[in-house]
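Data block below; observations after.
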Amino acid sequence: MRTTRSHSFVLCLALLFFRSASAFQSDELLAEDEEFGLEGGRSPPNLDLTLSSSRSVPFSQPTRRRSSDPDSDSKIQFPLEHAFGESDFFPAGTFTARLKTWSHGGQTLTKLRFSREALTETEKEKFKMLLEGDDFYKIRVPSNVLSPPGRDYIISSVKARCLPQDRLDEHFVIHMEGVNILAVNYGSPGPCPYPRQLKLPAKWSFNSYTVLKNSEQAPRTPAFAEEILGGESGEGEAVMPPERSFWAKYWMYLIPLGLVVMNAVTQAMNMPEEQATGQPGSHTQQTTVAAVPRGQSAAVRRR
Amino acid sequence: MAIPGFLLVLLFLSCSLPALSLYEDQVGLMDWHQKYIGKVKQAVFQTQKAGRKRVVVSTEENVIASLDLRRGEIFWRHVLGATDAIDEIDIALGKYVITLSSEGSTLRAWNLPDGQMVWESFLSGSRPSKSLLFIPTNLKVDKDNVIFVYGNGCLHAVSSIDGEVLWKEFIAKGVEVQELIHQLGSHIIYAVGFDGLSQFVALQINAKNGELLKHESAAFPGGFAGKISSVSSDSFVVSDATHSVLVLVSVKDGGISFQQTRILDLVPDSPGTAVVLPTKLTGIFALKINDLVTFVKVIDEGKLEVVEKIDNGAAVSGAVSFSEGQEAFAFVQNGESKIHLTVKHGLDWSNNLLKESIEMDRQRGVVHKVFINNYLRTDRTYGFRALIVMEDHSLLLVQQGEIVWSREDGLASVIDVTTSELPIEKHGVSVAKVEQNLFEWLKGHMLKLKGTLLLANLDELAEIQRIRLQSSEKSKMTRDHNGFRKLLIVLTRAGKLFALHTGDGRVVWSLLLDSFRKTGQCNSPVGLKLYQWQIPHHHALDENPSVLVLGRCGRSLDANGVLSVVDTYTGKEISSVGAAHSIVQVIPLPFTDSTEQRLHLLIDADQHAHLIPRTHEALSIVQREFGNIYWYSVEADNGIIRGHVLKDNCDLEVSDGYCFNTRGLWSIVFPSESEKIIATMTKKSNEVVHTQAKAMSEHDVIYKYVSKNLLFVANVAPKAIDEIGLLTPEESWLVVYLIDTVTGRILHRVTHHGSQGPVHAVFSENWVVYHYFNLKAHRYEMSVIEIYDQSRADNKDVWKLVLGKHNLTSPISSYSRPEVVTKSQTYFFTHSVKTIAVTSTAKGITSKQLLIGTISDQVLTLDKRFLDPRRTVNPTQAEKEEGIIPLTDSLPIMPQSYVTHTLKVEGLKGIVTSPAKLESTTLIFAYGVDLFFTRMAPSKTYDSLTEDFSYALLLLTIVALLVAIVATWFLSERKELQDKWR
């Protein structure tokens, strides 16, 4: 009855995006920028018009939208910053996404992409320190992608020793509510067994997986009246157990009954002068028959 | 093949709804119920011309009750809602109790003998104001006694017969009426009060029609503060804004005149602010400066004269008139271990009507309030009795220098509850005792046997019931095998700690914590929470268990904390510390030191963590586990949840090795425009989960996600925090989260559209059940979320287990990416709910039942199997055998499943469950204004015989069988012999 839960997963469009680490911004994004042009753009809440590839904060703005389309899209960027243990936060990469404005006024992000900047030498050193000290590697993103940082930054941390595999593997699950980020589940894509071993990555670059998640709708309370009405035609077969023959249903009563009757008959034949011997047989028959509906009704009531 | 199936189904159906109800004669066997009323605010005596002497009281728990003046029992009682606070009570017509509540907007009359409500009036007004109730004794309007009520800026005259509002007079805006006065014989009501800060206003109102006859006002440049206290019908005393000058106001025909007297002239060298106590005495008023009470007499022309000064924190009663126009009043002084009650004549100060000293238990603290009442002695003189409210909220009646009765009404305001074991039984019981016990035992069992065989007569039946109820077993002060006997440690709002015996609910010891009393540094201490400090077992068995009491000096979060450790066997305070820092959060760590003392981290407002106990051993334990201590904080107003870890030692001015800096690890920021946190819930830290695996039908197994670091958060739309019914379903939603508190990951998140709070939730094992309101369906709903671990799901192969290739024993790390699946389902539920709890048993094997505190103050049990996401409309045969109940759209409420049976736990606030040693049994304690305790077996007592099991009958049966065997053997022998002889 709750078969259509999957529709909500359509909304949480999980875009796994894998890029090799590089210091530059993706060409592809820039190409898309040009494709839409800058016609009739709504002024962004934050009027810093520096564009994406710069390393300075703030990064984000909805840069364009097609004014004719009610469900219009615009491009948006927001930064990822990282910190090593207790250090300050430094820019580490950029998330790029499509901001979809729905006709009813809601805004959601789709098509999230992520480009990470390569670690500098000092950052590598710091990361090594973290690995040796089994300390935390922290990241943060703004809580509002339209007006960063929003009310506060969303911070997430992981023990640095969880990340190194062949390269540094990381996995983001970004929980969104409209244009707000609630939380980031950040960590290694796989397990991180407890006695964490010190292991240096072969290559100092990040393998990033990102998933965007929106809230799921709760399954509706079962409305029974509808279900029974709708279910009668299609699911009638499944609801009603297949009708069995009389014999199949009552053989367990019929066999003893038959035995009793046979017994009575033989006794009656043996002593035809004593009519009373038939009596107990018929008596048993009555009680057995009476037991059937009683048992059934009890079962029905309990159900 | 069908028969076994059929039988199995029958078997399942017969046990699917466990009968929790009890028989009539089982009431009181394992449960007890205690009724309380709370701290008395106001008392009115009704002793004249009444067969049963009684006192009517209103309390801070919004209870109005009529108490038996002879024994202190409750004749009747009504608990008004938490939003319906009682302002004043009085008695009208000699037969109605009048209550004014909800800030002067609800007036009710209750029949004095039986407490039935006679009438109810809602008084509307224009603006919030002070509320006053005034019932003049000899004022009749059209043969009707009139009740005057000032509330919400209006003066109402209400008929005392049927509650009809006779007239209503709006008092001018800005005027705050403080006193209503009526002069004998006239038809004019005088109202005096302030207009603004410095205008004194006197109004004259016609009592017949509410017409404003006169409006006089006069300005006093010094301004006023505090309350107006009347000295006579036309003169009043009030202090000025600086609390240094007393102003005597006299309202005469010629207008209002002021006369000032400096307080310093009356009471030299008195630091602190002076408060005029309302005594309603003619010509005398009382002035309270700190602990010193000064009685001042008003002599002619406004001269003031000090008549007596009494110290030691006295409480002063109101005036009571006896015989013709004579007035008396009382005051109480606190002595070392006594209190001194003095009753004085209102006019003749020189001699006392009564002076008594009463022995007082130190654990009751000081006297807070006193009310007096007069009676005629046998020798025709006047005697006085006093009703005294103590610091621990207990209520005492004092007469003839003795405490006639006392009530522990502090137990009506329980803040927190925990349980403690009793001492182990010492060996070496005397033989005589055993013999006597044996005789008693046999006698009891013979009686019981008679009862079972329906041979007992009425007297014997009563005797059987008495024996069952007063079994000495259940109220012993030692541990029992089944773990039914325990101590309930209860912290009350007065800062008093009680130990209640679970057997019969008696108070084993009580302790008024010194550190929770008002002192110079800590002027309004509040108790907050109880923690288990030391639960000795194994190597520390000779230590007594103890609890940690946490409190705070004042309401604000950054007030200094107070800690106290109390021994639960003796009820003595072992140690107490007024912490030098605030305590925002207490984190009990899962570590104990060698004496089984639990380590706690106290987080202060500056985000420092302080370790207690302050020992080197504790410090070394923390150093060892330094990296594995995580906690979280919820900023509900801000909508932010943060995770924290320890960082390093504090660098304060005074070096302190037990103080640590902390650092933030993660944060979750809920968008303030769409979500607001209204409820959070975690698992009980001491919960036991028997097995992680859950066997399913078709020989399948799933693994519960049993991480202890899970937090359930419920958010609603910010507009939806108000009452139900103000929003449309489209504007309202409920979002629930399951959050891992170590990493800050959101493991599950789901939105219920068209739903709103209040949300009540309970979290146990791998499931959370929450209750909320569905605006679309106009009904309450309950949802369940179960969370399962997928990372262990492939451990199904037997060969893997045999070869050790499974990951069942590997340690779990929160930093691994969680592979969880959740299942959920929603049902309608008829009741609104006050609180939800869940049963807990010693090993966690017994199935769980939810304990729902309903709006009608009862405790309802609901089998967890009704809240199982795997329920379907038509479960398969295999699922039915497993115990899955066919899905219904609403949860059933069976009248037999109320654990409180016919009783009510008035003002229900919380339900606490505690496991007994016997796996099948759980102890339940529900508290509110009343206390209720019972024990219950969620899956029936499968591991013990019931208490009323008749051993004698068993014995008798065995004996009878033996006799029968012997007899038949003898008979058969004889028959055989006869056959042989034939």
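The values are calculated or read from the model by the stated rules, or taken from the named source; none is laboratory data. Here the structure is a predicted model, which is why all the values come from computation and not from measurement. When we count neighbours, we look across all protein chains shown, and the Cβ atoms used for this are built from the backbone with ideal geometry, even at glycine. Surface areas here come from the heavy atoms of the whole protein model, side chains and all, with no ligands, DNA or RNA. Shrake-Rupley method; radii C 1.70, N 1.55, O 1.52, S 1.80 Å.
Quick notes on this one:
- Selection status of B:Ala777, open to solvent by 20 Å² or more (accessible area, probe 1.4 Å), modelled with pLDDT under 90 and more than 12 Å from chain A (Cβ to nearest Cβ): no
- Scanning the stretch A:161-183 for residues that are at the interface with chain B (Cβ under 8 Å from one of its Cβ atoms) and open to solvent by less than 10 Å² (accessible area, probe 1.4 Å) returns A:Cys162, A:His175, A:Ile181, A:Leu182, A:Ala183.
- The residues on offer are B:Phe331, B:Phe285, and the sole one that is open to solvent by less than 10 Å² (accessible area, probe 1.4 Å), assigned to a strand (DSSP E or B) and under 23 Å from B:Asp234 (Cα atoms) is B:Phe285.
- In the stretch B:188-200 there is at least one residue that is free of Cβ contacts under 8 Å to residues at least 60 places away in the same chain, surrounded by 21 or more Cβ atoms within 10 Å (Cβ to Cβ), more than 28 Å from B:Val44 (Cβ to Cβ) and in contact with a strand residue (DSSP E or B) (Cβ under 6 Å, 6 or more places away or on another chain).
- A count restricted to the stretch B:908-932 and to residues that are more than 22 Å from B:His760 (Cβ to Cβ) and open to solvent by 10 Å² or more (accessible area, probe 1.4 Å) stands at 4.
- Among the candidates B:Ile785, B:Ile812, residue that is modelled with pLDDT under 90 and surrounded by 14 or more Cβ atoms within 10 Å (Cβ to Cβ): B:Ile812
- Within the stretch B:197-244, being in a loop (DSSP other than H, G, I, E, B) and in contact with a Pro (Cβ under 9 Å, 6 or more places away or on another chain) holds for B:Ser198, B:Ala207.
- For B:Val275, the criteria (1) among the β-branched types (Val, Ile, Thr); (2) open to solvent by less than 10 Å² (accessible area, probe 1.4 Å); (3) farther than 17 Å from B:Gly346 by Cα hold in every case but one, which is (2).
- B:Ser840, sole failed condition from (1) within 13 Å of chain A (Cβ to nearest Cβ); (2) at pLDDT 80 or above; (3) open to solvent by less than 60 Å² (accessible area, probe 1.4 Å): (1)
- Within the stretch A:184-202, the set of residues being at the interface with chain B (Cβ under 7 Å from one of its Cβ atoms) and open to solvent by less than 20 Å² (accessible area, probe 1.4 Å) comprises A:Asn185, A:Gly187, A:Ser188, A:Cys192.
- Some residue of the stretch A:216-226 being surrounded by 13 or more Cβ atoms within 10 Å (Cβ to Cβ), modelled with pLDDT under 80 and among the aromatic types (Phe, Trp, Tyr): yes
- The residues on offer are A:Thr108, A:Thr94, and the sole one that is open to solvent by less than 40 Å² (accessible area, probe 1.4 Å) and within 14 Å of another protein chain (Cβ to nearest Cβ) is A:Thr108.
- Flag if B:Ala432 is open to solvent by 20 Å² or more (accessible area, probe 1.4 Å) and at pLDDT 75 or above: no
- Selected residue (criterion: least open to solvent (accessible area, probe 1.4 Å)) from residues of the stretch B:350-372 that are assigned to a loop (DSSP other than H, G, I, E, B) and on the phi < 0 side of the Ramachandran plot: B:Met360
- When the stretch B:878-888 is filtered for residues that are assigned to a loop (DSSP other than H, G, I, E, B) and surrounded by fewer than 17 Cβ atoms within 10 Å (Cβ to Cβ), the ones remaining, listed by number, are B:Gly883, B:Pro886, B:Thr888.
- Top-ranked residue of the stretch B:86-105 - restricted to ones that are out of contact with any strand residue (DSSP E or B) (no Cβ under 6 Å at 6 or more places or on another chain) and free of Cβ contacts under 8 Å to residues at least 40 places away in the same chain, ranked as least open to solvent (accessible area, probe 1.4 Å): B:Ser102
- Search result, residues across the stretch A:136-160 that are facing another protein chain (nearest Cβ under 9 Å) and not polar (S, T, N, Q): A:Phe136, A:Lys138, A:Arg140, A:Gly150, A:Arg151, A:Asp152, A:Tyr153, A:Ile154, A:Ile155, A:Val158, A:Lys159
- Here B:Lys940 passes the criteria (1) within 34 Å of the chain's Cα centre (by Cα); (2) open to solvent by less than 20 Å² (accessible area, probe 1.4 Å) except the one numbered (2).
- Selection within the stretch B:114-146 - touching a residue at least 12 places away in the same chain (Cβ under 8 Å), farther than 12 Å from B:Ile98 by Cβ and among the hydroxyl-bearing types (Ser, Thr, Tyr): B:Ser124, B:Ser126, B:Ser129, B:Ser131
- Subset tally (residues that are polar (S, T, N, Q), farther than 24 Å from B:Met117 by Cβ and surrounded by fewer than 18 Cβ atoms within 10 Å (Cβ to Cβ)) for the stretch B:135-187: 3
- Entry remark, the stretch A:227-278: residues being among the hydrophobic types (A, V, I, L, M, F, W, C), modelled with pLDDT of 50 or more and part of a helix (DSSP H, G or I) number 16 in total.
- The lone exception for A:Arg151 - which of (1) over 26 Å from the mean Cα position of the chain (by Cα); (2) more than 22 Å from B:Leu734 (Cα to Cα) it fails: (2)
Residues are listed down the side, and each one gets a yes or a no for (1) among the polar types (S, T, N, Q); (2) out of contact with any Asp or Glu (no Cβ under 7 Å at 6 or more places or on another chain); (3) in a strand (DSSP E or B); (4) within 13 Å of chain A (Cβ to nearest Cβ):
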| position | (1), (2), (3), (4) |
| --- | --- |
| B:His752 | no, yes, yes, yes |
| B:Gln756 | yes, yes, yes, no |
| B:Ala761 | no, yes, yes, no |
| B:Val768 | no, yes, yes, no |
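- The criterion of at least 2 residues that are within 14 Å of chain A (Cβ to nearest Cβ) and open to solvent by less than 10 Å² (accessible area, probe 1.4 Å) is met by the following strands (runs of 3 or more DSSP E) wholly inside the stretch B:627-722: B:640-649, B:659-669, B:710-716.
- Listed conditions (1) among the charged types (D, E, K, R); (2) in contact (Cβ under 8 Å) with a residue 60 or more places away in the chain; (3) within 14 Å of chain A (Cβ to nearest Cβ) are all met by B:Arg871, apart from (2).
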